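The values are calculated or read from the model by the stated rules, or taken from the named source; none is laboratory data. Because the structure is predicted, anything quoted here is derived from the model rather than measured. When we count neighbours, we look across all protein chains shown, and the Cβ atoms used for this are built from the backbone with ideal geometry, even at glycine. For the accessible areas, the whole protein counts, side chains as well, though only heavy atoms, and no ligand, DNA or RNA atoms are used. Shrake-Rupley method; radii C 1.70, N 1.55, O 1.52, S 1.80 Å.
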Amino acid sequence: MGTMDTLVESTTHAAEAERPTGDITLPIEGMTCASCVRTVEKALTRVPGVASAVVNLATETARVTYAPEQVGVDDLVQAVDRMGYHAVAPAPVVEFADDADDADDAIAVAGDAEAETPDEARHRREAADVKRRMIFALSVSAVIMLGMAREMLGATFLPAFLADPVWQLIIATPVQFWSGWSFYRSAIAAARHGTANMNTLVALGTTAAYSFSVAAVADHALDLGLFPWTHGGMPELYFDTSAAVIGLILLGKFLEARAKGKTGAAIRTLIGLQPKTARVVRNGVESDIALARVRVGDVVIVRPGEKVPVDGRVIDGFSVIDESMITGEPMPVEKRVGDEVVGATINKTGSFRFEATRVGRDTALAQIVRLVQEAQGSKAPIQRMADLVSAYFVPAVLVLALATGALWLLFGPSPAASYAIKAFVTVLIIACPCAMGLATPTAIMVGTGKGAENGILIRSAEALETAHKLDTIILDKTGTLTTGRPRVTDVGALNIRGGAAGDPDHVLRLAASAERGSEHPLGEAIVDHAREAGLRLSDPTAFDAIPGHGIQATIDGTAVLLGNERLMADRGIDLGPLQAEAARLASDGKTPMYVAADGRAIGIVAVADTLKPGAAEAVAALKGIGLTVWMLTGDNERTAHAIARQVGIEHVMAEVLPDGKAAKVRELQALGKRVGMVGDGINDAPALAQADVGLAIGTGTDVA
């Protein structure tokens, strides 16, 4: 290429890079196989101004990148419709409204996590319809096979009419044209646009088998002698074959339709985490407004027990917030003036005001949803290969069937026409229930079913297919390796001569009694532990929470302090040897809290998220099969490494938020690793979706 050509090309690329691009996800109706995917992708990419189009059969969506100044959404919809499919407006359940005009609609749909979306309702109806047709087709094929068994196996105990060809014709006809109507409809639509798909093979193969059998029945009834091959005086019929093929293909489609109906569950769960309204101060007036009407710069008030509506920065007050939805970590986080808060997290104690800094599609929750959606719409390399193969598979089968029939017609024995028809039909029948149409959904059903029996939810067929190639496994910490909730791990008592304070139970009883009036998760853990130990707790008096430090209360006349080192220093309490013990506990990833009674330190209580039983054995087993094990967590470095040491993990990535988790997965994949990600909840969703294999354990929900 010459210098001028290079300059022109570089200038063109620079100009293209500066052009604004649109990105839209279009739901596509009418796709039934990988050939449909290829057809829709080609139709979209041929539209001038479209940079790329990725169609996903599992989610029935097309993700299109285009130049808005050259092409509009209507043009994309028309391009899909011209190919015999139907593109519809994006479902509102996955959107975060950014303007007041859309706010009410967005809240009505997105605010209710339990509401069934239009797409899910359609999938449910489709699954019910396919189920009815499937049951009828399989039942008829079973009845016809009973007739064959009577003739071929001498099962004379069966009614004679079951073997009657006319009876078989009567019951096979509704299977062909009612149960199998969806195949005809799709094949006809594809033919109108000069294409063929898997339904074309099903329609042609079953129609050929049915028509051949009808002709054989007519030949037998009229004694024309066109079909010389018989068994026991009965013509060779294929009614059972056509009915069974239709029934089995419908079985695969039913399993697929039922799975598709659940594809939006993870997204709906994410959307449902956000509150419907926010308490905003405008012009000195405090009022509750729809979440989507909150704007950047608004002052928002959050009270104890409420969810933080949007992302922002604290400007007044102090509180403790449960951020496990974002970080996955059970330990609450203290928030003071200047600290960042994240939408959909839970305010545990105290009221505060914050300034909204990110709303609508810019919030952390919206970005997590977007990451999951993008991962759902992506394709594995093997899927692209399947799409490519399917584009040539259908026409190749048709050509092969015609060629087979022609060879028998030219060189076969007499009657050549009859043998040619039989050979043509045989090729189509063998080809139509191909692996891409039936075996794959069946294998997926078995594989995912076995996983569910063992508490493992497998996010996609691609993940199941790729699992045996993994060389790296990433484990989330909280809820995966650990129990996911704080528990008391240690109670220490300072031995004081002549006093009862050397008794750990005494220390625990005072601490738990003091925390009895607290809503803090660490306090709840202490109270639970004391009750499990059978200790008698007293009601606290003069209870006072000291923000950022701890609590003070009077228990049976004893003044009790429970909190951090700073609280003890402020009250002039000498900790003595407890400081060394606290340092040791902290190095193990535990949260130590000092206990003082009547101005004297008496002990220490440590709380931590504890390991699940068998976690270390599971890690050892993973290493035993040759996997490199990493731990990925939003928790701090000290706690993360402490847990890693306990389970035997050498590779640790700590203090990583949800969007960062997906990036860490990509980093390992960029090094040529085949990465599996194991997590337990919403905060792990982006990383689970990005991994070659994503396993959600113990959640009871699907992951995108």
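Amide H contacts of GLU306 (H built 1.01 Å from N, in plane; Pro and chain starts excluded): ASN347 sit under 5 Å, all sequence-distant by 5 or more or on other chains.
With every protein chain in place and a 1.4 angstrom probe, the accessible-area ranking of LYS664, LYS335, largest first, reads LYS664, LYS335.
How do HIS220, HIS468 stack up against each other in accessible area, from largest to smallest, with a 1.4 angstrom probe? Present the calculation step by step, with values, prior to reporting the outcome.
Numbers: HIS220 95, HIS468 145 Å².
Ranking HIS220, HIS468 by accessible area, largest first, yields HIS468, HIS220.
A Förster radius of 25 Å combined with the Cβ-Cβ distance from ALA191 to ALA149 puts the calculated FRET efficiency at roughly 0.10.
List every residue whose amide H lies under 5 Å from the amide H of SER319, counting only residues 5 or more places away in sequence or on a different chain, with H placed 1.01 Å from N in the peptide plane. Under 5 Å from the amide H of SER319 lie the amide H atoms of LYS335, each far enough along the sequence or on another chain. The order of the peptides 182-193, 591-602 by mean Cβ neighbours within 10 Å, most packed first, is 591-602, 182-193. The string of couplings for region 399-416 from the Karplus curve (6.51, -1.76, 1.60, θ = phi - 60°) is 5, 5, 5, 5, 5, 4, x, 5, 5, 5, 5, 7, 10, x, x, 7, x, 4 Hz, one whole number per residue in order, with x for Gly and Pro.
Pairs of alpha-carbon atoms within less than 8 angstrom and 6+ residues apart define the contacts here; what relative contact order does region 522-587 have, in percent? Let's see the in-between values first.
Numbers: 45 pairs, mean separation 11.1, N = 66.
After rounding, I find 17 percent.
When the pairs LYS477/LYS590; LYS276/LYS307; LYS307/LYS612; LYS477/LYS623 are compared against a 21 Å limit on Cα-Cα distance, LYS307/LYS612 fall above it. Solvent-accessible surface of protein heavy atoms, probed at 1.4 angstrom with all chains present, puts SER351, SER518 in the order SER351, SER518, largest first.
Given R₀ = 60 Å, FRET efficiency for ARG645-ALA559 by Cβ-Cβ distance, to 0.05?
So, using R0 = 60 Å, E works out to roughly 0.95.
Extending 7 Å from Cα along the Cβ direction at ARG571 and again at ALA467 yields two label points whose distance is 5.4 nm. Between amide H atoms placed 1.01 Å from N, distances below 5 Å from ALA559 occur with ASP598, all of them 5 or more places distant or on a separate chain. Per-residue 3J(HN,Hα) values for region 568-578, derived from phi via the Karplus relation 6.51 cos²θ - 1.76 cosθ + 1.60 with θ = phi - 60°, read 5, 5, 4, 8, x, 9, 7, 8, x, x, 5 Hz in sequence order (x marks Gly and Pro). Backbone phi angles across region 661-676, fed through the Karplus curve with coefficients 6.51, -1.76 and 1.60 (θ = phi - 60°), yield HN-Hα couplings of 4, 4, 5, 5, 4, 4, 4, 5, 5, 5, 8, x, 7, 9, 9, x Hz in residue order; Gly and Pro are listed as x.
Of the whole protein surface, GLU465 contributes about 80 Å² of accessible area at a 1.4 Å probe radius.
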